[in-house]
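The values are calculated or read from the model by the stated rules, or taken from the named source; none is laboratory data. These numbers come from a predicted model, not from an experiment. Virtual Cβ from ideal backbone geometry, glycine too; neighbours counted across all protein chains shown.
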Ligand SMILES: C[S@@+](CC[C@H](N)C(=O)[O-])C[C@H]1O[C@@H](n2cnc3c(N)ncnc32)[C@H](O)[C@@H]1O
């Protein structure tokens with residue numbers, strides 16, 4: 001498994017920029033609960049050792065759907081609220097309307113105006129404009145973990161949460177902001193893990209100019225022999 005980045009990758013200056021914006025905008029991120037923090041240590045170990053937890057499988061789906069992530073048919077159900085994993089990738093700052101055309105990017109912060117110095121630092125090739133809007137994206141295109149293979153649904157069983165991780169363990173550094181995937185409802189053995197890609201701005205599928213394939217967690221099921229059963233037909 002090629003994608004084994006455990007947590008978000010961010011350079012120091014951008015990290016400080018993000019922290020200042022969170023403070024300035026009085027953005028209060030919810031603190032991840034004890035269950036999530038405990039789950040985090042276990043899943044990070046699995047990512048490091050084998051790419052993903054033993055109870056999950058990555059399988060190729062039909063046509064252009066590419067790969068998807070399934071709960072092993074003989075695994076225990078994943079209960080609502082349980083951590084799936086951090087959505088990892090590179091944190092990048094870019095002009096909002098130039099469009100980040102990566103299929104694997106999440107906007108962590110958007111509609112940001114930058115000072116002249118900040119634009120010079122992060123967008124030196126463009127002439128300074130005080131009202132140009134920027135976004136901070138988490139992009140798993142080149143680097144990420146198995147969560148980058150989780151497909152889209154309007155009726156998802158996984159949700160993305162932007163949280164603060166406070167840890168007392170030296171093996172798990174705290175993070176003042178982190179995007180995590182959590183089970184939105186109980187996930188049963190054999191089901192596909194699915195998340196809704198669209199935020200309030202509904203920009204994901206519009207930008208790709210394609211209509212997503214309509215699927216639920218049980219449209220494709222993983223059977224005991226490791227085959228995908230297609231229940232869409
Ligand atoms: C974050 S990736 C998900 C993993 C992807 N299937 C792969 O193999 O790399 C997002 C891309 O997967 C495909 N995809 C995910 N959900 C889809 C859906 N419901 N309908 C059509 N394509 C989907 C689209 O190509 C989308 O841009």
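Odds and ends about this structure:
- Output for the stretch 204-215, where each listed residue is in contact (Cβ under 8 Å) with a residue 24 or more places away in the chain, farther than 14 Å from residue 65 by Cβ and either surrounded by 15 or more Cβ atoms within 10 Å (Cβ to Cβ) or away from the ligand (no atom under 11 Å from the Cβ) (or both): 204
- Checking residue 163 against (1) farther than 22 Å from residue 27 by Cβ; (2) under 15 Å from the mean Cα position of the chain (by Cα); (3) not in a loop (DSSP other than H, G, I, E, B), the condition it does not meet: (1)
- Here residue 106 meets each of (1) buried (at least 16 other Cβ atoms within 10 Å of the Cβ); (2) at pLDDT 95 or above with one exception, condition (2).
- Condition check for residue 80: within 14 Å of the ligand (Cβ to nearest atom) and over 15 Å from the mean Cα position of the chain (by Cα): no
- Test: residue in the stretch 55-66 that is under 28 Å from residue 166 (Cα atoms) and either within 16 Å of the ligand (Cβ to nearest atom) or touching a strand residue (DSSP E or B) at 6+ places or on another chain (Cβ under 7 Å) (or both): yes
- Single residue of 69, 43, 37 found to be crowded, with 16+ Cβ neighbours inside 10 Å, modelled with pLDDT under 95 and either assigned to a helix (DSSP H, G or I) or within 16 Å of the ligand (Cβ to nearest atom) (or both): 37
- Qualifying residue in the stretch 11-22 (condition: farther than 27 Å from residue 171 by Cα and more than 16 Å from the chain's Cα centre (by Cα)): yes
- Residue count for the stretch 46-65 satisfying the condition of being in a loop (DSSP other than H, G, I, E, B) and under 17 Å from the mean Cα position of the chain (by Cα): 3.
- Extreme residue, farthest from the ligand (Cβ to nearest atom), among residues of the stretch 142-160 that are touching a helix residue (DSSP H, G or I) at 6+ places or on another chain (Cβ under 8 Å) and not in a strand (DSSP E or B): 145
- The single condition among (1) touching a helix residue (DSSP H, G or I) at 6+ places or on another chain (Cβ under 6 Å); (2) in contact (Cβ under 8 Å) with a residue 60 or more places away in the chain that residue 29 does not meet is (1).
- The residues listed here are 171, 101; of these, the one that is under 30 Å from residue 66 (Cβ atoms), part of a loop (DSSP other than H, G, I, E, B) and either modelled with pLDDT under 95 or more than 16 Å from the ligand (Cβ to nearest atom) (or both) is 101.
- Within the stretch 111-133, not a single residue is under 30 Å from residue 66 (Cα atoms) and either in a strand (DSSP E or B) or at pLDDT 95 or above (or both).
- Just one of the numbered conditions (1) exposed (fewer than 14 other Cβ atoms within 10 Å of the Cβ); (2) within 13 Å of the ligand (Cβ to nearest atom) is not true of residue 133: (2).
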